[in-house]
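Enquirer: Let me begin by handing over the structure; questions about it come next.
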Amino acid sequence: MRELRMVAAWIVVAASGIASAAQADPMTSDEIRQDIIGRNIFLAAPLGGEFPLNYRRSGRVDGNGQALGLGRVMQPRDSGRWWIANNRLCQQFHTWYDGTPMCFALTRTGGSSLKWLRDNGESGTARIGAPIGD
């Protein structure tokens, strides 16, 4: 009986650890600046593949969806600017999304993996890539 209680207690502790990992706090402004800015970020595309965004230290963001075949439905390349506000990474492209500004809460889900939540409720996953040169 004692062993059964110990196993049950271990299961509760393990489950709470999994739950807390799944409910990690969003990244802070400092964490975004340190871990995202100056790097390639690869958004997971719904039909497979990855969509690269480059967050340059200069404040510029650019992306290229040509490898995903976006040239058939939209301009495959665009650039704009990024900024950080209230622990969220914000961006505004010249033509993508009609130039509408948008912000994202970012949460680490693993070593180089992220979950993003856009201010309109859309969400997805991404991968932090190698540093880029400005």
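The values are calculated or read from the model by the stated rules, or taken from the named source; none is laboratory data. A quick note: this is a predicted structure, and the numbers were derived from the prediction, not measured. Every residue, glycine as well, gets a Cβ built from its backbone with ideal geometry; the counts of neighbours run over all protein chains shown.
Enquirer: Take the residues in region 115-132 that are in contact with a Gly (Cβ under 9 Å, 6 or more places away or on another chain) and of a type outside the set (Lys, Arg), then tell me which one is nearest to Gly49 (Cα to Cα).
Expert: Ile128
Enquirer: Follow-up. Would you be able to tell me the number of residues in region 49-58 that are under 13 Å from Ile36 (Cβ atoms) and assigned to a loop (DSSP other than H, G, I, E, B)?
Expert: 2
Enquirer: From the residues in region 6-63 that are at pLDDT below 85 and not hydrophobic (A, V, I, L, M, F, W, C), which one is farthest from Trp83 (Cα to Cα)?
Expert: Within region 6-63, the match that is farthest from Trp83 (Cα to Cα) is Ser16.
Enquirer: If I go through region 36-45 residue by residue, how many of them are part of a loop (DSSP other than H, G, I, E, B) and in contact (Cβ under 8 Å) with a residue 60 or more places away in the chain?
Expert: Here is the first cut: in region 36-45, the residues part of a loop (DSSP other than H, G, I, E, B) are 36-38, 45.
Those left that are additionally in contact (Cβ under 8 Å) with a residue 60 or more places away in the chain: 36, 38.
Matching residues across region 36-45 total 2.
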